[in-house]
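J.: Below you will find the structure I want to go over with you.
The values are calculated or read from the model by the stated rules, or taken from the named source; none is laboratory data. All figures in this text were calculated on a predicted structure; none of them were measured in a lab. As a convention, Cβ positions derive from the backbone with ideal geometry for all residues, glycine included, and neighbour counts pool all protein chains shown. Surface accessibility is based on the protein's heavy atoms, side chains included, excluding ligands, DNA and RNA. Shrake-Rupley method; radii C 1.70, N 1.55, O 1.52, S 1.80 Å.
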Amino acid sequence: MKTILSGVQPSGMLTLGNYLGAISQFVNLQNSSDDQELLFFIADLHAITVPQDATILRKNIKSLTALYLACGLDPNKSTIFVQSEVKEHSELGYILQSLTYIGELERMTQFKDKMAKQTQGVSSALLTYPVLMAADILLYNSDYVPVGVDQKQHLEMARNLAERFNSRYSDTFKIPEPLILKSGAKIMSLQDPTKKMSKSDKLDKATIFLLDDENIIRKKIASAVTDSDGFIKYDVDNKPGISNLLTIYSCCMNLSIKEAEEHFKDANYGTLKSEVSDSIIKVLKPIQDRYNEILNNNDYINKVLDTGKEKASYIASKMINKVKHKVGLGRF
Ligand code: ATP
Ligand code: LTN
């Protein structure tokens, strides 16, 4: 049986990029077979690598759980849990740090980008973030990790650490593989389509949030940066804005990029934008309706997370005991 695991940080309201690149993949994988172990968690320990307000963070943990459920994760099939509630993540993260070189962490693209954005000093947790992520993955002997393309380098780090540990202490961890979609793995900013759409973008209209209402979605798409050519073609280098809109449309409508191009071959940018908005609303509206119902049901959310915590802790504790024994930690 294969194990599939992934996580999302509760670092703000989720974006259409998070949904199309990651969460929709989680749901499709979940529904594709019954013979698999699925684990999806709320990566709260990752969120505190940059400053967070405690009250807002705790609200975001609940909201992300409700969004996972509203997007279609089914607690009868998938184990849903909060990362910090399974203490083995921190424990294995620390042990793996002893195998990690500072130089390789300093070369990580996301570290360099996020460091550049910090105004109040850079925490050492931001540097060691990929080690904790490797621990998240290796703790459960994950075979596959569905993520957006920006996480590919971190996955490579997890594979390297698994191999390093196995060769130093004998075979222990599986070598995980990333699952990255061909289309949708990198939805771009609506205001600068050469940059990734991100939760933490300062420009609100650069990002579609999962809970944006219909009017806001239409306004944001209407003001999306395009070009002055006037023809609709997928060409990321020369037409990044139009290509991003075609990608969003094709993902929301379940079409290939070719089919989306064909659909718009005689259309103008106004029609493209209006149909892209329709396609996003069609996907997000049912999620928003379910989200509002679930968010009011504290008992249900707590039950899902309690069950998830218990199941994840059981698997994680067996692995951490094995690791500590191999490393020589603890009592003789
Ligand atoms: P932040 O902006 O705070 O760094 P983020 O928006 O990148 O956050 P994460 O929690 O880091 O969100 O990402 C959760 C998942 O969503 C990851 O698998 C990530 O690769 C994916 N993802 C994030 N942004 C995009 C995007 N623009 N397109 C496709 N996938 C994305
Ligand atoms: N770093 C990821 C979130 C994350 C994750 C993981 C994803 C934390 N641990 C383990 C997959 C597997 C991000 O998207 N920023």
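J.: Looking at region 293-315, which of its residues are of a type in the set (Ser, Thr, Tyr), surrounded by 15 or more Cβ atoms within 10 Å (Cβ to Cβ) and closer than 15 Å to Glu85 by Cβ? Explain how you work it out, then say what you get.
T.: As a first pass, look at region 293-315 and keep what is of a type in the set (Ser, Thr, Tyr): 300, 307, 313-314.
When the remaining residues are screened for being surrounded by 15 or more Cβ atoms within 10 Å (Cβ to Cβ), the result is 300, 307, 313.
Within region 293-315, Thr307, Ser313 qualify.
J.: Would you check which residues across region 93-109 are assigned to a helix (DSSP H, G or I) and buried (at least 16 other Cβ atoms within 10 Å of the Cβ) and list them? Don't jump to the end; show me each part of the working.
T.: Within region 93-109, the first condition is being assigned to a helix (DSSP H, G or I), and the residues that meet it are 93-97, 102-106, 109.
Listed by number, the residues that qualify are Gly93, Ile95, Leu96, Gln97, Leu105.
J.: I need every pair where a residue in region 72-83 that is open to solvent by less than 50 Å² (accessible area, probe 1.4 Å) has its Cβ under 7 Å from the Cβ of a residue that is of a type in the set (Gly, Ala, Ser), sequence separation at least 6 or different chains.
T.: Listed by first residue and then by second, the contacts come to Thr79/Gly308; Thr79/Ala312; Ile80/Gly308; Phe81/Gly308; Phe81/Ala312; Gln83/Gly7; Gln83/Ala43.
J.: Just wondering, is there one or more residues in region 14-34 that are in a strand (DSSP E or B) and either touching a residue at least 60 places away in the same chain (Cβ under 8 Å) or within 12 Å of ligand 1 (Cβ to nearest atom) (or both)?
T.: Checked against the condition, which is being in a strand (DSSP E or B) and either touching a residue at least 60 places away in the same chain (Cβ under 8 Å) or within 12 Å of ligand 1 (Cβ to nearest atom) (or both), region 14-34 yields at least one hit.
J.: Looking at the structure I just gave you, is Lys318 in contact with a helix residue (DSSP H, G or I) (Cβ under 6 Å, 6 or more places away or on another chain) and either open to solvent by 80 Å² or more (accessible area, probe 1.4 Å) or over 17 Å from Lys77 (Cβ atoms) (or both)?
T.: On the way: in contact with a helix residue (DSSP H, G or I) (Cβ under 6 Å, 6 or more places away or on another chain): no; either open to solvent by 80 Å² or more (accessible area, probe 1.4 Å) or over 17 Å from Lys77 (Cβ atoms) (or both): yes.
The answer is no for Lys318.
J.: Return the residues of region 204-240 that are touching a Pro at 6+ places or on another chain (Cβ under 7 Å) and open to solvent by 40 Å² or more (accessible area, probe 1.4 Å); say none if nothing qualifies. Walk me through how you get there before you give the answer.
T.: Pass one, region 204-240, residues touching a Pro at 6+ places or on another chain (Cβ under 7 Å): 225, 240.
Correct list: Val225 only.
J.: In the set Ala260, Ala267, which member is open to solvent by less than 50 Å² (accessible area, probe 1.4 Å) and outside any helix (DSSP H, G or I)?
T.: Working: Ala260 fails: outside any helix (DSSP H, G or I).
Result of the check over Ala260, Ala267: Ala267.
J.: Can you tell me which condition Lys202 does not meet? The list is (1) free of Cβ contacts under 8 Å to residues at least 12 places away in the same chain; (2) away from ligand 1 (no atom under 16 Å from the Cβ); (3) part of a loop (DSSP other than H, G, I, E, B), and all the others hold.
T.: (2)
J.: While we're here: Could you pull out the residue among Leu39, Leu45 that is open to solvent by 10 Å² or more (accessible area, probe 1.4 Å), under 19 Å from Ala134 (Cβ atoms) and either within 16 Å of ligand 1 (Cβ to nearest atom) or not acidic (Asp, Glu) (or both)? Show your work before the answer.
T.: Values: Leu39 fails: open to solvent by 10 Å² or more (accessible area, probe 1.4 Å).
One residue alone meets the criteria, Leu45.
J.: For region 134-154, what are the residues that are assigned to a helix (DSSP H, G or I) and within 10 Å of ligand 1 (Cβ to nearest atom)?
T.: Within region 134-154, the first condition is being assigned to a helix (DSSP H, G or I), and the residues that meet it are 134-138, 149-154.
Within region 134-154, Val149, Asp150, Gln151, Lys152, His154 qualify.
J.: Among Ser170, Ser183, which is the only one that is more than 16 Å from Leu132 (Cα to Cα), hydroxyl-bearing (Ser, Thr, Tyr), open to solvent by 10 Å² or more (accessible area, probe 1.4 Å) and within 14 Å of ligand 1 (Cβ to nearest atom)?
T.: Checking each option against the conditions leaves just Ser183.
J.: Same structure again: For the list (1) within 12 Å of ligand 2 (Cβ to nearest atom); (2) surrounded by fewer than 17 Cβ atoms within 10 Å (Cβ to Cβ); (3) at pLDDT 95 or above, I need the number of the one condition that His89 fails.
T.: (2)
J.: Inside region 110-130, can you point out the residues that are exposed (fewer than 14 other Cβ atoms within 10 Å of the Cβ) and among the aliphatic types (A, V, I, L, M)?
T.: Start the filter on region 110-130 by keeping residues that are exposed (fewer than 14 other Cβ atoms within 10 Å of the Cβ), which leaves 112-113, 116-121, 124.
Answer for region 110-130, where residues must be exposed (fewer than 14 other Cβ atoms within 10 Å of the Cβ) and among the aliphatic types (A, V, I, L, M): just Ala116.
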